[in-house]
Structures are given as C-alpha cells and as structure tokens.
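Written below as structure tokens is the structure these notes are about.
The values are calculated or read from the model by the stated rules, or taken from the named source; none is laboratory data. In this text, all values refer to a predicted model and were calculated from it rather than measured experimentally. In this analysis, Cβ positions are derived from the backbone assuming ideal geometry, glycine residues included, and neighbour counts consider all displayed protein chains.
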Amino acid sequence: MLKRISIVFPIIGMTVLIVLAITSYFYYIEVKALKDTLLVKENSKAEDIYFIVESLIDREENKLRVLAITLKKHTDLMAGLSHFRKSKGDITALKTAMDDLFLDIGTDIFQVADINHRIIYKAHAPFKKQEIENIPGVNSALFGGTYTTAIQTEGQWAIVAITPALYNEKIVGSFMIGTWIDNNYAKKIAFETEVHMTFGSLDGIIASSLPFDERPDIDTATMRKSIQDVNSIRIELPDKFKVIHYSPTEIAEKLFSVMVEINTEPSYNLVEDNRKHFLKLSLIVLITAVSLGAIFTLYLVSPLKKLRQKAKQTVMDISGLDLKESGRNEIQSLIRFFDTLVTTAINQITERKEAEEALKKHQEHLEEKIEERTAEHRETNKKLLQTVAELEKRTNETILFSQIGGLFQACDTEEETYNLVERFCKKLFPKDSGYFSIYDKHSSDLRVVASWGDNMFEDTESPANECWSIRLSTIHIVKNIDIDPLCPHLKNFPARPYICAPMIAQGELLGMLHLTLNKKIDQRPKENQEKYFDSKKIVMTSLLEHYAPPLTSLRLRETLRIQSIHDPLTGLFNRRHMQKTLQFEAQRAIRHGISLGIIMIDVDHFKKFNDTYSHEAGDIILKELGAFLKKSVRQEDIACRFGGEEFVLILPETSLEDSKAKAEALRLKTEDELKINYHGRSLSITISLGVAAFPEHGQTTDEVINASDRALYLAKSEGRNRIAVA
C-alpha cells in the first residue's frame, strides 16, 4: 500500500516548495513595486511642482515685459520725461506720473534713466528695497528693444525688464521695472505649489520659504552642482523622513537652482504597513495550499486504478496490443499505457493533418481569389463614385457660370460687380480663401475690392509688378512654398500653396485673382494634388473669362457717359449737362424755398490772345481757366463751359449777395494767381462776370441764364475785369 501511495509525499513536498517560492517572489515584487510606485509618484509630484514654478516665473517675466512695453506708450510718463529734458532737470511731472503708476503696476522696482544711463528718479514702496544702481552695459544693450534679465546687486537678486523710452521716435532714456527674488517671493510661489520652496545661485541661498532653523538641511554644494551640471539631483534624508529635489531653472536668462522639499513619512509608513499585512497573508496562503495539496493528492490516488484499467482497454481497442501490468506504481503504469496510446494516435493524426493541410491550401487559394476580385470591385466602385462626384461638381460649376454671365451683364456699375465676385468665389472655393484686385493704370497698383476666407491683409494696395502672374502674364502656381518663387505682395502669408491668375482682356490688364488653397492638400497623394491644382486653375480661368467682358463693357459705358457730359478741352461739365443740372437745382430751390446763384464768366480780350499768340494759346488759356475754376469752387458747386470763352457757375443754396461776393473773390483770384505758361511766356488774363439768382431774376432757368448773360455784357461794356449784377 505504501508503494502504491508513494506519490503523495513528493507531491506534498513539491507543493510546499512551490508555494514558498511563489510567496517569497510575490513578496519581493509587491514591496518593490510599492516602493517604485511611491518613488514615481514623488518624482511626478516634483516635476509638477517644477512645471508650476517655471510657469509662475514665466508669468512674472511676461508681466514685467508687458508692463515695460506699456510704459513706452504711457502719455504722462513720456510727457514727464520730455519735460525733464526740455527743462534740463525738472522731474516734478515725471515724479508725479511714476509715483501714481507705481501703486497700480504692483512691482518692487520702478526707475527711469536718461539717455546717458544715469538714474533720474526711483519710485518705491515702504519697507522694500528701493533701487538697483545703474549697471554698466545693461541699458546700452536695451536700445534695440525691451530686455528682461536677472540682476544681482549688493548680494540680492531681482528680475527686471528694461525698455527704451521713445519720444518722437527717438530714444530719450529707459525705464526699469522689476521684482526682488527674496523670501517673500519664495513664500508666494510656495503658496501656489503648497510645498516649501528655496532659490539658490552659485553664491548660495538667495530666497526661501523655510524657517531659518530648517534651512541647514539644504546642501549648498549639491545646489551649486545642479547649476553647474544643469541637472536635477535628488537627496534623501531618511532620518528626517524628507527628500530634497535640486533642479536648475532659468530665471530671466540666468541659471538658478530651485529646491523643493517633499515629506516621505507617509510613504514610509505605507510601505511598513503593507509589509506586515503581506507576511500574514503569505502564511495563511502557505497553510491553505499545503492542506489542499494533501487532500487533492489523496483524492487522486483512489481513481488511479480505474484510470489505469481504462487506459489499458483503450490501448487494446486502438492498437490491438494487450499490455501486461508491471509492479510499478499507478503513475508509471499509466505513463507506459499512454506512451503506446500516443504513438498510435500520432500516426493516425499525421495522416489526418496531411489531408487537412491539402484542404486548407485549397481553401486559402480560393480566399485569395475572392479577395482579389473584391478589391478590384471596390477600386472600380471608388473610381466610379469619384467620377460621379466630379461630374456633379462640374455640372454645378456650369450652372453657376451660366448665372455669373447673366448677373455680370445686368450690373449698372463696376462697384456692383465686386460684391458678385466675392459671393461667387465663396461658392466656387468654399474651403479656400483669397481676394480679387482691380488694376489702376494711373498708379500701376493692384487694389483689393473683394475677399473671402481667413486671409488677413496688411495693405489693400500693392504694386502690380509684385505679383509673378502679372509679370509673366499667365497663371502663377505655388505648390511648394519652400521651393517655388513667392509673390512679394503676400506679406503676412502664404503658409500654404496658392494660385495667382491675371485678368487680361484685349491685351489690357484689368485685375488679379488670388487663391490660397486649403491646408489639407499636403495630405493628398501627389497625382491627386496635380488634379486638384488643375481643377482650381480651370475654375479660376473660367471665372475671369466670364467677368472680363462685362467689366470692359461697364468701363466703356462709364467712359462714354463721362465724355457725354464733360467738355473735352476744359474737363468741365458741358452745356447739355449744365441745362439738366440747372433744371434739377431750380426745382430743389423751389421745394426748399432757397436761392440758387448763377455766375456767367467771360475771358477778357480772348480774341486778341488768339490773334496775337494763335488758337493754340487760346485753347491753353481755356484749359487752364477750367482747371482753375474747378479747384476754386465748393464741392457742391457746378462749373460748366457755356460755349467759346464763356463759363457758367451754378451755386446751390447761395443768395444773390453771397453769389456777388463769390464772383468778386473769383475775379481777384484770377487776376492775381492765374499765370498761364505758353512756350516760356507767362500770360495773365482777367475775366468779367455777370451775377444772377433764381428765382429773383426769372421764373425759369432760361430767364435766369439770360439775366446773367445780360449782366455779363454790362460788365464788359463798363470796361471789363469787373462784375455786374442782373
């Protein structure tokens, strides 16, 4: 019997050894993992604290920098500094402005220096360090702009921002504002981070939130090493249950060490408590495992005999062998029976595997064929969908272009077309942004008249030759902003690919269309990018082709309209426009019960000028007089050429007396100021003027014109170079 159950003892012993090994291993792993977790947590906490400290320091520097920049625009400060310079030493206004401002900006240091870097005045609060003496070289380096740095003076460090003071775009001095790096500064940051904070330099501790009796725990040698090596150092003090992290930190371009003290007593207690609990649990697991192992082993011995008989019968059924039992224990007999059983089964399984392998290869071949067909159908379907989408897009664009042509043709003014261009561009290029510029041939500039998307313009006008599309007279495409030539007229952008297209009609430049493409184009395949650029180019060209003819027609119509109402020689309104305008102003004068002044003007001795100097001189006199009248009248007055050397001025809302005064002033101004240059000769002219008013001198415009004409002849008959009232 002992021989039969001899398996029990090795199994129980092995179980005990395995449980002991696993328990010891997990005990070591658990305690180490707990320590590692606490260490990671501690380091993470230190990193978070350093991140907060750096953020607070950056916030302080940015605050000082912004305040310094603001000081350059402060009116009272600039006025006080200017008065100081002009008065050669009077700082009363500057002192008042600085004292008032010091209470608002909330800094420890606020002082101003003159152009020679001498300190003029220092504003300060009670119980704080009052000043930083002028440090050679610092102010000189600042005259390129605002400068932030850390400065040491008399053993004390401070963060300061220095900015040049500008008056009429000239440097007249400098301002310095700053904050002391002292215990209060350390306590303020400690309040934000909720741990004690200490700042140090190569000279030692400069500020700390710790009480003086706890500062000896700070190792100044380690502090200096962290600065010199630019590396964080962790120092553990197990007897005091604390860890101090020394980390280099940059404050205003100077390197300091920031020391953070973390309490480790809670972590130590947590490790010890877990160690005791785990030992108790391990003992319970060991006892339970040994008991269960013994019970399970004894339970297995009972059915071993039945299992052995069953294995013997199975071997006989499968292989036909009748194996004799040996004197070995149950396990050894079972192993012998199962070896024979496994050998027989392996032979049968090998044959079955070969058949299954052949079947599997055939199935994989079929699946590959199916996958290939599926991929082909999927690709075909994808291309079909893309084609349908492209056709729909082209159809929509065709419909839109048919609308564009009709709407452009229906516009009455050029300015009205600008709004249509902007609206159509938003529809044609909804995901892109851009603008349309009109070419001004007088100034050779491009002026932006319509824009859409997120483009920001520094200038709405730019020289036309700053665009490569204008220079080349063709579409200019920038696919790669790092390689392709960029147009100088794009100052703030592009940060993305873009297209510029000139609008040219009958060899004349009319404008330019700029399109900045969607930034997602970089994510597309290269061949798709080429198609994308081509499609944008086609749409832009079509838009300009639909827009150019109506724009040319509108400009021609406007030119004809201007020519129809203006005298070609003098540039003034012609007689036809004068009659129409005079009728309109007369009706308005009747409605509002006001007077309308009329002045008829004639050039004295004009025939003599023609006979003496030729008709060319006469034309020059009429042209110069027309320009002189145009700039001598009010904006609401209408200057017209009546015929020959006669001119008419229509003065809305002007009484007879005011019209008379205006006529006399115009006569004197013409006699004194109008000098006409004819082939090196300076010719002077005088004019005679007839004054009338509506409705005083007639109930119709013709009657008033005749009245002013009679007054003009009266003035000429009385000796010329004078005025006469109807």
**Fill in**
Given the conditions (1) part of a helix (DSSP H, G or I); (2) at pLDDT 80 or above, every one holds for Val19 apart from (2)
**Message:** Suppose the filter is of a type in the set (A, V, I, L, M), modelled with pLDDT under 85, under 22 Å from Ala450 (Cβ atoms) and touching a strand residue (DSSP E or B) at 6+ places or on another chain (Cβ under 8 Å); does Leu543 pass it?
**Reply:** yes
**Request:** Would you point out the residue of the stretch 581-600, among those that are in contact with an Asp or Glu (Cβ under 7 Å, 6 or more places away or on another chain) and assigned to a strand (DSSP E or B), that is nearest to Ser708 (Cα to Cα)?
**Result:** Met600
**Failed item in (1) part of a loop (DSSP other than H, G, I, E, B); (2) among the polar types (S, T, N, Q); (3) modelled with pLDDT under 65, with Asn116 passing the rest** = (3)
**Conditions (1) in the same structural domain as Ile477 (by TED's automatic domain parsing); (2) in contact with a helix residue (DSSP H, G or I) (Cβ under 9 Å, 6 or more places away or on another chain); (3) buried (at least 20 other Cβ atoms within 10 Å of the Cβ); number of the one not met by Ser553** = (3)
**Asked** Of (1) surrounded by 21 or more Cβ atoms within 10 Å (Cβ to Cβ); (2) at pLDDT below 80; (3) of a type in the set (S, T, N, Q), Gln111 satisfies all except one. Which?
**Response** (2)
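Residues Ile621, Ile638, Ile650: which one is touching a residue at least 60 places away in the same chain (Cβ under 8 Å) and over 57 Å from the mean Cα position of the chain (by Cα)?
Answer to the selection: Ile621.
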**Message:** Considering only the stretch 477-487, I want to know if a residue exists there that is at negative phi, part of a strand (DSSP E or B) and assigned by TED's automatic domain parsing to the domain that holds Leu543.
**Reply:** yes
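Inside the stretch 632-726, counting only strands (runs of 3 or more DSSP E) that do not spill past its ends, which hold 2 or more residues that are assigned by TED's automatic domain parsing to the domain that holds Gly571, within 23 Å of Thr581 (Cα to Cα) and of a type in the set (A, V, I, L, M)?
Output list reads 638-643, 646-651, 687-694.
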**Request:** Among the residues of the stretch 417-458, write down those that are touching a Cys at 6+ places or on another chain (Cβ under 8 Å) and either among the hydrophobic types (A, V, I, L, M, F, W, C) or within 17 Å of Cys500 (Cβ to Cβ) (or both).
**Result:** Leu420, Gly434, Phe436, Leu446, Ala450, Trp452
**Message:** Need the failing condition index for Leu237 against (1) touching a strand residue (DSSP E or B) at 6+ places or on another chain (Cβ under 9 Å); (2) within 18 Å of Ser55 (Cα to Cα); (3) modelled with pLDDT under 80, just the number.
**Reply:** (2)
**Asked** Being surrounded by fewer than 14 Cβ atoms within 10 Å (Cβ to Cβ), of a type in the set (Gly, Ala, Ser) and at pLDDT below 80, is that true of even one residue in the stretch 36-54?
**Response** yes
**Message:** Considering only the stretch 544-551, I want to know if a residue exists there that is acidic (Asp, Glu), part of a helix (DSSP H, G or I) and under 30 Å from Phe429 (Cα atoms).
**Reply:** yes
**Asked** Looking at Lys427, is it within 16 Å of Leu544 (Cβ to Cβ), modelled with pLDDT under 85 and surrounded by fewer than 18 Cβ atoms within 10 Å (Cβ to Cβ)?
**Response** yes
**Message:** I need every pair where a residue in the stretch 85-108 that is of a type in the set (Asp, Glu) has its Cβ under 6 Å from the Cβ of a residue that is surrounded by 11 or more Cβ atoms within 10 Å (Cβ to Cβ), sequence separation at least 6 or different chains.
**Reply:** Asp99/Ala123; Asp108/Lys128; Asp108/Thr179; Asp108/Trp180
**Request:** Report those strands (runs of 3 or more DSSP E) wholly inside the stretch 165-231 carrying at least 2 residues which are touching an Asp or Glu at 6+ places or on another chain (Cβ under 8 Å), modelled with pLDDT under 85 and more than 25 Å from Ser55 (Cα to Cα).
**Result:** 170-180
**Per-region count, the stretch 167-204, residues more than 21 Å from His124 (Cα to Cα) and aromatic (Phe, Trp, Tyr)** = 3
**Item:** the stretch 77-107, subset of a type in the set (S, T, N, Q) and closer than 19 Å to Thr163 by Cα, residue modelled with the lowest pLDDT
**Value:** Ser82
**Asked** Yes or no: Ile370 exposed (fewer than 12 other Cβ atoms within 10 Å of the Cβ), over 30 Å from Ala21 (Cβ atoms) and at pLDDT 65 or above?
**Response** yes
**Request:** Return the pairs, sorted by first residue and then second, in which the second residue is among the acidic types (Asp, Glu) and outside any helix (DSSP H, G or I), the first residue lies in the stretch 216-233 and is in contact (Cβ under 8 Å) with a residue 12 or more places away in the chain, the beta carbons are less than 8 Å apart, and the residues are 6+ apart or on different chains.
**Result:** Asp217/Glu261
**From the options Lys479, Lys491, residue that is under 25 Å from the mean Cα position of the chain (by Cα) and more than 22 Å from Lys431 (Cβ to Cβ)** = Lys491
